[in-house]
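Engineer: Dumping the structure here so I can ask a few things about it.
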Amino acid sequence: MKLGAAPTGPTRGWAAGRSSSSGPSRSAVAVRLEQDVARSQDWLRLPSSVRTMPVADAQATLREVALYYLAGQAAPADASTTVRARVMVDALLGSGRVTLADVADGLDLAPRTLQRRLADEGTNLAAVVDEARQQRALHLLADPSVTMADVAASVEFADQATLSRAGRRWWGMSPTEKRQELSSTPTSLAP
């Protein structure tokens, strides 16, 4: 199977696979990819034949699709080190691997170089990780189906008590109170 090229223009969806003269196959399988930013939804359409492909081909295809998707999520090369580190921390958060060495490796920098560049920009990795945790927790608290234990685990806190202390530091209230505040705040449907 040969993957199609990424579309140009405002469209964010992407179709992979062969299309006939009558258009895309009706048996296409839609896979939902959800972005944290603005809760937008992108759709990736793959032919149903992907499910029956040999594992080696499926892995190569999945890798190519994943690389395409991740390329769109990466910070621009000319972005500040803080922005690039934040994108890397967001990607690593929840994996148990948010360490100086892992973030530096993901940015193709030596750990000391990462520390120095962040310091030059007036921050440090701990502050970048704390900001990423706060934003992830805020996003998850907006969804009432996510338990507090899951929120704590997603931001790599050992337990809910640590999340509670962080919530009081971040918002001046407990995560439960913040969730109630978020649920009582009307949301705008305008983009």
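Engineer: What is the local net charge at G172, summed over the other residues whose Cβ is closer than 14 Å to its Cβ (Lys, Arg +1; Asp, Glu -1)?
Structural biologist: So the surrounding residues net to +2.
Engineer: Further, regarding this structure: What's the FRET efficiency of W171 with V83 using the Cβ-Cβ distance as r and R₀ = 22 Å, to the nearest 0.05?
Structural biologist: 0.40
Engineer: Charges on Cβ only, +1 for Lys and Arg, -1 for Asp and Glu, centred on the Cα centroid of region 114-164; of V155, A127, A142, which one is farthest towards the dipole's positive end?
Structural biologist: A127
Engineer: Mind putting together the pair-distance distribution for region 90-147? All Cα pairs, 10 Å bins, whole percent per bin, short to long.
Structural biologist: Taking every Cα pair in region 90-147, the percentages come to 22, 46, 23, 9, 0.
Engineer: Quick one: net charge of L109's neighbours, Cβ under 10 Å, K/R +1, D/E -1?
Structural biologist: +2
Engineer: Given bins 5 angstrom wide, list per bin the percent of all Cα-Cα distances in region 81-184, short to long.
Structural biologist: Percent of pairs per bin, in order: 2, 13, 23, 20, 15, 13, 8, 3, 1, 0.
Engineer: Further question on the same structure: What is the distance in Å between the Cα centroid of region 128-191 and that of region 111-126?
Structural biologist: 26
Engineer: Provide the per-residue ³J(HN,Hα) series for region 83-90, in order, calculated from phi with Karplus coefficients 6.51, -1.76, 1.60 and θ = phi - 60°, each as a whole number of Hz, with x at glycine and proline positions.
Structural biologist: Karplus values, whole Hz, x for Gly and Pro: 5, 5, 5, 5, 4, 5, 4, 4.
Every number here is computed from the coordinates shown, using simple stated rules; none is lab data. Fair warning: this is a prediction, and the values are worked out from it, not measured in the lab. Every residue, glycine as well, gets a Cβ built from its backbone with ideal geometry; the counts of neighbours run over all protein chains shown.
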